[in-house]
Amino acid sequence: MKTPCLKYVNATLLGACLALLVGGVHAAGGDTAQPSARIQLVGRIVAVVNNDVITQLELDDRTRIIMQQLRKQGTQLPPEEVMEKQVLERMITDRVQLQFAKETGIRVDDLQLDKTLQRIAQENKLSVEAFRNTLEKDGVSFSKFREEVREEIILGRLRDREVDNRVVVSDGEVESFLASRAAQSGGEDEFNLAHILIRVPEQASPEQVQAKRARAEKALSELSKADFSQIAASYSEAPDGLQGGVLGWRSASRLPGLFLEAVSALKPGQTSAVLRSPNGFHILKLLDKRSKGGAMIVQKTHARHILIKTSEIVSEADAKNRLIQLKERLDNKASFAELARLHSEDGSASKGGDLGWLSPGETVPEFERAMDALKLNEISAPIKSPFGWHLIQVLERRTEDVGKEQQALMARQEIRARKADEAYENWLRQLRDQAFVEYRLEDKF
């Protein structure tokens with residue numbers, strides 16, 4: 001795999017960061033409780049999760065952030081006590097995962113964390129110091145924010161290890177999918193969906209199943225009186241529930257058969273009946289629908305590069321200066337391939353830095369923008385990406401119809417994403433069912 005072609009985007013993390021940054025989540029002078037009352041607040045336990053606890057103060061902080069996000073989305077907020085219970089369920093689920101991650105050796109060191117924070121600040125067009133000042137101006141502790149970001153990274157790595165990296169897509173599945181698509185006219189349909197999930201425990205009794213079904217039916221009945229996003233925030237136990245339940249665009253191949261059958265009969269704006277799956281009860285809303293065409297004409301680029309990575313030993317300035325020196329040698333007719341073999345810290349070094357033919361979107365944005373701006377055989381100035389510093393040279397360009405090639409790649413990605421979503425739901429339900437959880441929220445007064 002080509003290092004600069006690796007991309008990782010944690011949408012949940014980014015959304016939380018933007019909400020904290022833009023919204024002024026915590027009012028700097030908002031906590032007017034007396035010292036003795038505040039001590040009681042800190043010590044009040046609202047849930048016990050295995051050998052850990054969640055306090056009222058932690059719950060209040062998280063609820064405030066979620067409510068800020070919903071306000072920014074224009075979502076009508078559910079009653080406070082409903083929101084509090086939903087947020088507590090999310091915190092319990094996160095806490096169980098973090099405990100399992102710690103027990104099984106997943107760690108995020110300070111160097112990796114600092115790089116992530118730097119990237120978040122850059123996404124907001126701020127330096128890290130300006131980003132920190134903005135957060136603290138809004139009453140958000142930067143040290144606490146750092147730990148929340150660390151937790152988000154850990155959760156992402158945990159899912160990668162326990163679920164995503166174990167998903168296998170066979171050639172037969174890809175061929176079957178492509179054959180099914182070929183039988184359709186005009187390409188594959190895509191659906192923009194919102195979703196409500198009421199989970200059912202793996203070993204649920206008939207009484208528990210009936211209670212969960214009744215809750216799902218109640219949520220469905222309330223959709224006639226309130227917006228879907230508000231009901232999702234009030235009822236849904238899916239990871240996206242507190243964001244209004246929006247799943248976004250999903251191709252037909254990425255939807256479970258149960259979902260596809262239900263939404264295929266809907267028109268935009270309509271809602272399904274209550275659906276039953278092994279995970280629980282579902283309600284779907286079709287927000288929009290479109291068809292995806294077949295052939296795709298793209299410009300492909302044959303490029304090579306030299307990568308110098310940064311570390312605790314190699315600073316940003318050191319890496320850049322090394323490439324400036326190499327660029328001078330290249331400008332004086334030194335061999336790019338030879339310098340790449342000697343100096344590049346990428347897996348492509350043994351091939352003289354050759355990355356082969358690259359399609360749009362296959363590399364990280366910083367790399368692609370610099371590459372696209374180059375003329376044939378031109379060598380870039382040092383370019384920074386999340387992987388380090390690069391010198392890039394474009395060898396060839398061509399345009400081609402990559403319809404079949406692209407469809408096969410997308411088919412594999414979509415099948416993998418669907419299987420990963422289903423596997424993650426099953427894994428998370430099992431992990432949650434195995435945990436010891438004691439609720440004390442009702443006893444807080």
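Just so it is clear, none of the values below were taken in a lab; they were calculated from the coordinates. Since the structure is predicted, the reported quantities are computational estimates derived from the model, not experimental observations. Cβ: placed from backbone, ideal geometry, glycine included. Neighbour counts: every protein chain shown.
Residue-wise, which Karplus ³J(HN,Hα) couplings in Hz belong to the stretch 85-94, taking 6.51 cos²θ - 1.76 cosθ + 1.60, θ = phi - 60°, and x for glycine or proline?
Going residue by residue, I get 5, 5, 5, 4, 4, 5, 5, 5, 4, 5 Hz, with x marking Gly and Pro.
Between 221, 193, 264, whose Cα lies farthest towards the positive end of the dipole of the stretch 159-289 when Lys and Arg beta carbons carry +1 and Asp and Glu beta carbons carry -1, centred on the Cα centre?
Of the candidates, 221 comes out farthest on the positive side.
I'd like to compare 102-111, 246-255, 209-218: which one has the highest average count of other Cβ atoms within 10 Å, and what's the full order after that?
Highest mean packing first, the order is 246-255, 209-218, 102-111.
For Cα extents along the principal axes in Å, several values are listed as (1) 77, 63, 38; (2) 81, 60, 39; (3) 54, 53, 39; flag the one computed from this structure.
(1)
Given 0.36 nm per residue, what is the gain on full extension from residue 249 to residue 81 after removing their alpha carbon distance, in nm?
Answer, rounded to one decimal: 57.3 nm.
What are the residues whose amide H is under 5 Å from the amide H of residue 287, where those residues sit 5 or more places off or on another chain and H is modelled from the backbone?
The list, which skips near neighbours in sequence, is 192, 193, 194, 269.
Along Cα→Cβ, 7 Å out, is where each label goes; now give me the distance between the ones at residue 409 and residue 424 in nm to one decimal.
Using points 7 Å along Cα→Cβ, the separation is 2.2 nm.
Under 1.5 on a/c is rounded, so check that first for the stretch 297-401, then, if it is not, pick prolate when a/b is larger than b/c and oblate when it is not; a ≥ b ≥ c are the square roots of the alpha carbon gyration tensor eigenvalues.
Verdict is prolate for the stretch 297-401.
Tell me what the chain gives for mean residue ellipticity at 222 nm when only DSSP H runs of n ≥ 4 count, each as -39,500 (n - 2.57), the sum divided by the residue total, rounded to 500 deg cm²/dmol.
-16000 deg cm²/dmol
Would you mind getting me the FRET efficiency between residue 440 and residue 127? Use the beta-carbon distance for r and R0 = 30 Å, nearest 0.05.
After rounding to 0.05, the efficiency reads 0.10.
What does the charge add up to near residue 395, with Lys and Arg as +1, Asp and Glu as -1, over the other residues with Cβ less than 12 Å from its Cβ?
Taking every other residue near residue 395 into account, the sum is +2.
With a cut-off of 8 Å between alpha carbons and a minimum separation of six or more residues, what is the relative contact order of the stretch 74-226 in percent?
Computed over the stretch 74-226, the figure is 19 percent.
I'd like the distance separating the alpha-carbon centroids of the stretch 259-330 and the stretch 73-138, in whole Å.
Cα centroid to Cα centroid, the span is 21 Å.
Report the calculated FRET efficiency for residue 318 and residue 103 (r = Cβ-Cβ distance, R0 = 41 Å), to the nearest 0.05.
0.60
If I model a spin label as a point 7 Å beyond the Cα along the Cα-Cβ vector, how far apart are those points for residue 138 and residue 45 in nm?
3.3
For residue 433 and residue 338, FRET efficiency with R0 = 41 Å and r from the beta-carbon atoms, rounded to 0.05?
That gives a FRET efficiency of 0.10.
How long are the semi-axes of the equivalent ellipsoid of the stretch 187-293, taking √(5λ) for every eigenvalue λ of the Cα gyration tensor, in whole Å from largest down?
24, 16, 11
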